[in-house]
Structure formats: C-alpha cells, structure tokens
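Working notes, beginning with the structure itself.
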Amino acid sequence: METPTELAALPDDALAHAFRSLPARSLADARSVCKAWRAIVDARGLLLRRRELLPHFVHGIFINCIDHCRPHLFSRRRFPASSSASYEVDGMLDFLPTYHGDWWSVLDHCRGLVLCDIQRGGQLCVCNPAMQTWTLVPPRWQVWARWRYYAGAYLVFDPAMSVHYEVVLIPIDPERSQPEPPRPQKARSEWPVFEVRFHGVDDAPFCLDDWLQSSSDLSDEEEPNHVDDPCQVEWPPTPWTLDVFSSRVGRWEERAFVRQGDPVGTVQDMQLDQPKPTWRGPRQRYAAYWRGGLYVHCRGSFIARFSLLNDTYQVIKTPRDIKENTHAKPYLGISEKGVYFGTVHLCHLQIWILSESSGQMEWIFKYEDDLTYYGHHVRQYVPEMDAPWIVHDTGSVSEGIKESLEWDSDSDDDTFTIKAGSTDEECYGRFDIVGFHPYKEIVFLADYFTVVAYHLKTSTVQYLGNSRPESYYRNYTNDISESFVYTPCMIGELNKGSTMKEN
C-alpha cells in the first residue's frame, strides 16, 4: 500500500480513485491531512456521497441546566457488543478550550455541529462532538460582551450540500443590537471644576435654579423635533440587516434580508415579549433548519424563515400566543414531516406542523393529548425502573464511556413503556418539551429531569432516564433551561483546535 509521501506524488485523479476506496471515517481523516487533499475530496464531493457520514440517527440530548456551569449529554447507557458503528462521542465535550471555573453552555445544534458560548459567554465556538474538533468564531464586536445580552446566535449547517457552516445573529432588542463602545476616559486635568459660593461669605448668594438655567446648552431652536413613537414602527423591518458569519469566507458580514409578505407586529410587541423573572425557559428561543431555510422563534411571538441563498425572509405568528402563559416553554424543531411547534400547559400537549405551499405559511394543528395519566405512572413506577439512558458527568460512572450506537425507538426491550390510558387524578406533574426526533414522530418530554419519549402515532411513552447531573447542586432553581437533540455527523469544516481569523 502506498505511503502518504507516495500518495502526495500522484496526480489528483489517481488520489481521488484511492480516496474512494477508503472507509468513511478514514476518508474524513484523509481530508484533514492537508489543503490539497481537502480540495480533492471537496471538489469531487467524495464525503457528501457517503451517506453513513451524514446525520441519520439520534445519539442523545445536550442539556443546559439553570444556574449550572456547563452542558451535559444525556444518551444511551449501553449498546450491543455486535455493534460495528465507529462513532465515539465525548459526552462531556472535554476537548473544547474551556478552563477550570468557566461557565459555558450549548447555544444551538444543527445536523451534527454544536454552537457553544465559552469563556463565560464571551466567545462563540463551533464543535463536532463525533470528530472531537472545534473552531473559535472571531468576535463580532470590538468590545468583550456576553452574546446572550444582545443577540441570539443560531447555527446553519447542511453536510449534504456543503462542509461549511454559518452563524446568524438575531438581535434581542432593536434598540440594543450590539454593545456600546467604552466611553473615553478624560484626564484628571480635563475634569470640570465647580466653584460654589455660600450666602454670607460673598456678596452674591448661590442660586441653584439660576445656575441650571444659565448652564443649559439647549435653546428653543435647538430642541429636537417631534418624532413618531418608535415603538409603533412595524417589526420586523424590511430590509432586516443581520450579522452573519460564514466559514467559507472566514469573516462576519452584514446581510440585508428582504421581507416577503406583511409584518406581524410592532417594535413594542417585541419589547413586551421578554422573559419574566420567573421564566424557566430557554435564554434564547429555539431555531430549526429545514430544506434550505433557517426558522427562528423570535421575540414578538412570531417565526421567521430566513433563506440564506437569496437573502429573503418570511414571518408567521406562532400558533399560540406565548405571552398568555409565562410558564409555557414552547419548542420549535424538526421532525418527520417538517417544522414542528409544540407547547405543554397543565399537562396538555399541543403540536402544530408548518405547512408551506405557493409561498404561504400556515400552521396545521397536528396533535393534542392529556399527559396526566402518563405523569402519574412515571412518578409512581420510575424509582423501580432501570434507566436505559444516563447523563454524562465528571466523576460519575458515565465518565470515560464511549458510545457508538443510535437509540432504537422501536424497541422496548430495555425501556419501561406506558400505553395510552385515562385517570381521574389531578395533574400534578409538569412536563416540558425538550426536543423532537428529527426522523420519527416522537417528542421528548421532561418532568423536571425525568425524560420520556412520547410517540405521537401510538400515544405510547418510553421512559429514558433521569437527566440531572450529579454535579448539579442547585436546590431551588434546579431545572433544564435549554435542550438540543443531537445527531452525529462525520463531516464539517473544522480544524482540530483552531481559531478562525477574519480575512
């Protein structure tokens, strides 16, 4: 067999022929050897034709906990010895450039790539847990700032089309879309000097009203003109200028997206739709990528569909007004038939599917069920059940486990299963949606940290396990804040530990 040196001397066509005979994982490794080999593999689409490298199964769920320092992977405990899969996922993401005491979390997931905010929320990082590679995204602003305070960061990646990814920033508040630059500090010699004379010491007494009037810099002619209430301006605007980072060009760009159709509200609607002090939901709302479009649940109770191919967008109101129920944790995701939107309120599960035809978007009511019966049985029998899934945590029995098999949702051999039923019990559980299965009509639900898989077609529940990390020490704020269903991928334009610099 040829050595790497001998292969380097071969013409491109001969190298491509040799690459085609490699196993999928070896081909991915060969692509990362040098720029010349990567160009050969990409130009002929050798990786894109290997379907086994593309996301095609659910490995687990990445979870962020309220007031916790890091994310954790919740996934299958064991797998058959006969498995020949080659995926090795580091459930703790210990390969990332984080440091001891760092607070960080997962922001988004898209088809095998994971977007994180490390260094206490001030640095974006894109990683591939299956390949254990990562890249730092260059800062968008010159001022250090936590991303969550100014914008939601969302990931776009389609390995069936390209090895490159994009990061899109959606402003949280139109009036504060980026951090303000620090004000220059004046030298001590430039500080204003105030002289105050007290009555009785000098002839003229000090009068505060006279001083304020004389020191005013505004005259009647300089007063600002009256403007319309900015809160009543339509939202979102057109064009809507967003910051987008592309790994293809290696830099941030401002891109203007033109709206197709009517707006759905005003700036005031967006500003009023803010998390309440008791909010347990995601710090940035969820997004989903489907057939070339990025769907983002934005503040103002609407979904925006961005097309990064032609820089256009459409908007549609959410099927349920989130402001009516501050305790609801809506979830936007991808499942078997497209874009799904779901909520659970008082054990009442409701799910819609987004229908798109002739350029119009419409919500189709898909499913509803009362989860009281399932919640009663889960709480009654779970303490006696063995859990097929575990949470990866430092110092736990899961540390060091390398998993390599998808979860078989059609098998209940090692899963406690609850069939549909009814009960007169009151609803004392509190289920939330933690994700949709991207390839089957299954929704993942959590009663605090107890996670189950709910099959929409059969109304059957599978108990998966307890997702609470052992290192999570909070007693009063303990809950899941964000969750992302993870599907491994062996394709992605990431170098092993690199900082991508802007061109």
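The values are calculated or read from the model by the stated rules, or taken from the named source; none is laboratory data. None of these values were measured; they are calculated from a predicted model. Cβ atoms come from the backbone with ideal geometry, glycine included; neighbour counts cover every protein chain shown. The protein model used for the area step is the full one, side chains on, heavy atoms only, and it has no ligands, DNA or RNA in it. Shrake-Rupley method; radii C 1.70, N 1.55, O 1.52, S 1.80 Å.
A few remarks follow.
- FRET efficiency, residue 473 to residue 291 (Cβ-Cβ, R0 60 Å, nearest 0.05): 0.90
- Where labels lie 7 Å past Cα in the beta-carbon direction, separation of residue 345 and residue 272 in nm: 1.6 nm
- Residue 77 accessible area, 1.4 Å probe, all protein chains in place, Å² to nearest 10: 90 Å²
- Taking 0.36 nm per residue of separation and subtracting the current Cα-Cα distance, fully stretching the chain between residue 307 and residue 233 would add 24.3 nm.
- Distance between modelled label sites at residue 44 and residue 356, nm, 7 Å Cα→Cβ extension: 3.4 nm
- Rounded if a/c under 1.5, otherwise prolate or oblate - the stretch 235-364, Cα gyration tensor axes: prolate
- FRET E, pair residue 36, residue 260, Förster distance 35 Å, beta-carbon r, rounded to 0.05: 0.25
- Pair residue 56, residue 26: separation of 7 Å Cα→Cβ label points (nm): 2.0 nm
- With one equal scatterer per alpha carbon and no solvent term, the Debye-computed log10 I(q)/I(0) for the stretch 243-316 at 0.18, 0.19 1/Å reads -0.87, -0.94.
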